[in-house]
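Shown next, in structure tokens, is the structure this report addresses.
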Amino acid sequence: MSLLEVTNIHGGYGGADILKGVNMRVVDGGLAVIIGPNGAGKSTAMKAIAGLVKINRGTVTFQGQDVTGMRADKLTGMGLSYVPQERNVFPTLTVLENLEMGAFLVSGNLRPRLDRVYGIFPLLAEKTQMLAGNLSGGERQMVAMGRALMLEPKLLMLDEPTAGLSPKITDMIFQKIKEISESGSAVLMVEQNARHALALADWAYVLVMGKNRFEDSGKAVLANDEVATMFLGG
Ligand SMILES: Nc1ncnc2c1ncn2[C@@H]1O[C@H](COP(=O)(O)OP(=O)(O)O)[C@@H](O)[C@H]1O
Ligand SMILES: [Mg+2]
């Protein structure tokens, strides 16, 4: 059964629909990537799935339940964690406080969850008392992902997690994303580093002008000459 199933959604910010027929599916433990040109609606699709943008038509099901139009905080409670591209940490809070904020819905001992996050991102364990706003871009991205992981989500949604990062840090973040998807949280991510993301992804969606244009396994999309010419710079 699919963990997430998005069927023909239309929606946007109140004016004309930005999304005009988006279809997507993520299986348990899968790693799916959305690529496409700037302004295609990739971030809007992520927000619609996460309950932050209005859906006027179509459905989203999560763990077999129709969650179309459900509030973001409720979806989070069900196991869907969304990390936006920007402003995804609290800069005036410490690393530890950011991680604790991620678990605001959890009662009881946070230690096992913190240990899992530090296991994935050992660097964060060394910087627990630093203000998130004083970290490097790569470290901030680790905090943002770590905060989302504090809820032990079934699905982790990441909007351009490597944007603005150096090639070396980008490699490291992609490696972590792969590890996360192999350790119990499925991942749906938007990426501009398309080739790199496609090499890791089980399944890939090409979104153009608010609609699905193409989908296939990550490797098949990489090997598709037409897609490569149009969306991967030749
Ligand atoms: N908050 C917003 N209000 C109105 N329109 C928006 C908003 N955010 C994005 N858009 C519009 O939605 C379209 C798709 O944007 P976006 O989803 O950010 O694209 P992508 O992430 O693929 O680059 C663009 O035309 C953009 O101008
Ligand atoms: Mg975007």
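With the Cα gyration tensor of the stretch 1-54 in hand, convert its eigenvalues to equivalent ellipsoid semi-axes via √(5λ) and list them largest first in whole Å.
Numbers: eigenvalues 83, 31, 17 Å².
Those come to 20, 13, 9 Å.
Lys/Arg Cβ at +1, Asp/Glu Cβ at -1, dipole of the chain taken about the Cα centre: which of S185, Q175, L135 is farthest positive-ward?
L135
How much length is gained on full extension from Q129 to A220, taking 0.36 nm per residue of separation minus their Cα-Cα distance? Intermediate results must be reported in sequence, preceding the final value.
Working: separation 91, 0.36 × 91 = 32.76 nm, distance 4.42 nm.
Extra length from Q129 to A220 when fully extended: 28.3 nm.
For a quick check of your reading of the filter: which GluC sites (Glu not before Pro) in the stretch 64-104 sit in a DSSP loop and have no more than 14 other Cβ atoms within 10 Å? Don't jump to the answer; show the numbers that get you there.
Values: sites: E86, E97, E100; in loops: E86.
Within the stretch 64-104, the qualifying GluC sites (Glu not before Pro) (loop, at most 14 other Cβ atoms within 10 Å) are E86.
If R0 is 22 Å, what FRET efficiency do you get for R111 and K178 from their C-beta distance, rounded to 0.05? Intermediate results must be reported in sequence, preceding the final value.
Numbers: r = 26 Å, r/R0 = 1.17.
Here the calculated transfer efficiency is 0.30.
Whole-Å semi-axes of the stretch 29-78's equivalent ellipsoid, largest first, each the root of 5 times a Cα gyration tensor eigenvalue? Please report the intermediate quantities before stating the final value.
Values: eigenvalues 77, 40, 21 Å².
Taking √(5λ) for each eigenvalue gives 20, 14, 10 Å, largest first.
For the stretch 120-198, what ratio Rg/Rh do Cα atoms give with a Kirkwood hydrodynamic radius? Intermediate results must be reported in sequence, preceding the final value.
Numbers: Rg = 12.2 Å, Rh = 13.0 Å.
Rg divided by Rh gives 0.94.
The chain: Rg/Rh from Cα coordinates, Kirkwood Rh? Don't skip to the answer; put the middle values down first.
Numbers: Rg = 17.1 Å, Rh = 17.9 Å.
Rounded to two decimals, Rg over Rh is 0.96.
Rounded to the nearest 0.05, what FRET efficiency is calculated for Q85 and M1 with R0 set to 25 Å and r the Cβ-Cβ distance?
Numbers: r = 30 Å, r/R0 = 1.18.
Computed FRET efficiency for Q85 and M1: 0.25.
T94's amide H: which non-local residues (gap 5+, or another chain) put their own amide H closer than 5 Å, with H modeled 1.01 Å from N in plane and none for Pro or chain starts?
Close amide H contacts, sequence-distant or interchain: A132.
In whole Å and largest first, what semi-axes does the C-alpha gyration tensor of the stretch 1-94 yield when each eigenvalue is scaled by 5 and square-rooted? Don't skip to the answer; put the middle values down first.
Values: eigenvalues 81, 64, 39 Å².
Semi-axes, largest first: 20, 18, 14 Å.
Search the structure for amide H atoms under 5 Å from the amide H of R213, placed 1.01 Å from N in the peptide plane, and list their residues when 5 or more places away or on another chain.
Amide H neighbours of R213, under 5 Å, 5+ apart: V206, L207, V208.
Enter the mean projected area of the convex hull around the alpha-carbon atoms of the stretch 153-233, in nm², rounded to one decimal. Please list the in-between numbers first.
Working: hull surface 22.4 nm².
Over all viewing directions, the stretch 153-233 projects a mean Cα-hull area of 5.6 nm².
Go through K20/K47; K20/K178; K54/K219; K127/K168 and tell me which ones have a Cα-Cα distance over 24 Å in this structure.
On the way: K20/K47 14 Å; K20/K178 30 Å; K54/K219 33 Å; K127/K168 20 Å.
K20/K178; K54/K219, as the Cα separations exceed 24 Å there.
May I ask you to list the aspartates and glutamates whose Cα is less than 16 Å away from that of K176, ignoring any residue fewer than eight positions away on the same chain?
Reachable aspartates and glutamates: D115, E139, E152, D159, E160, E191, D202.
Computed from the coordinates by the stated procedures, all read-outs in this text should not be read as laboratory data. All values reported here derive from a predicted model rather than from experimental measurement. Cβ atoms come from the backbone with ideal geometry, glycine included; neighbour counts cover every protein chain shown.
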